[in-house]
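The values are calculated or read from the model by the stated rules, or taken from the named source; none is laboratory data. Quantities reported herein were computed from a predicted structural model and do not represent experimental measurements. All Cβ positions, glycine included, derive from the backbone under ideal geometry; neighbour counts span all protein chains shown.
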């Protein structure tokens, strides 16, 4: 099930397409499809992701704090790939 | 001026931005470009004076562009003229003629390769009746509703040629 509404997904797709990480061989509608699927995946697997966080962080951090933590991990992974 | 001769050319840095949703200045390997978003329709204006040598047979507008990152899909544009005629046009509001579509074309298979597409615009209403010696604005927008390529379209140059 999706969490973001259509406008938020479109915004995410638009912002992603304004980045320049090299050539993109898919169309803008296919980018939006990918964004939609990732949103659905994250929503469907939110419990799995939450359970991956060990205690006491899992129980003591707010949902927003844990989302921000995930965002930082993903950002560092991107930087590491770019550096490597 | 004979049919087929160039009348005027515009470079990215000579553009005027609208108050909202303006194309943005960028560079590609030191080439100045104007970036046009793929989702929100961004706009750029160029101002000029139609040369005295114009023979009133209509114009063809050539758009030189690149895909910023896309290697598939299409990019299209629309062009509109606004005459700013002597003792007539009130510039406090826009008065562009109906936009003319530069049909969306498949992007080159390598991002950064230049593509040139064009639209022929007949003399008269479609040119907002711009005539010899008139100042005018040319508006260019990406045809985001009909093209399919992801990422920015990068405008490199515009040529107006007598048809």
Next on the checklist: Considering only residues that are within 10 Å of chain B (Cβ to nearest Cβ) and either touching a helix residue (DSSP H, G or I) at 6+ places or on another chain (Cβ under 7 Å) or in a helix (DSSP H, G or I) (or both), which ones fall in region A:21-60?
Outcome noted: A:28, A:29, A:30, A:31, A:32
Checklist entry - Which one of these does residue A:18 not meet: (1) under 25 Å from residue B:112 (Cα atoms); (2) surrounded by 13 or more Cβ atoms within 10 Å (Cβ to Cβ); (3) away from chain B (no Cβ under 11 Å)? => result (3)
Item to check | Output for region B:87-110, where each listed residue is touching a strand residue (DSSP E or B) at 6+ places or on another chain (Cβ under 8 Å), at pLDDT below 95 and either loosely packed, with under 11 Cβ neighbours inside 10 Å or within 14 Å of chain A (Cβ to nearest Cβ) (or both) | outcome: B:91
Next on the checklist: For region B:1-21, give me each residue that is buried (at least 16 other Cβ atoms within 10 Å of the Cβ) and farther than 12 Å from residue B:158 by Cβ.
Outcome noted: B:1
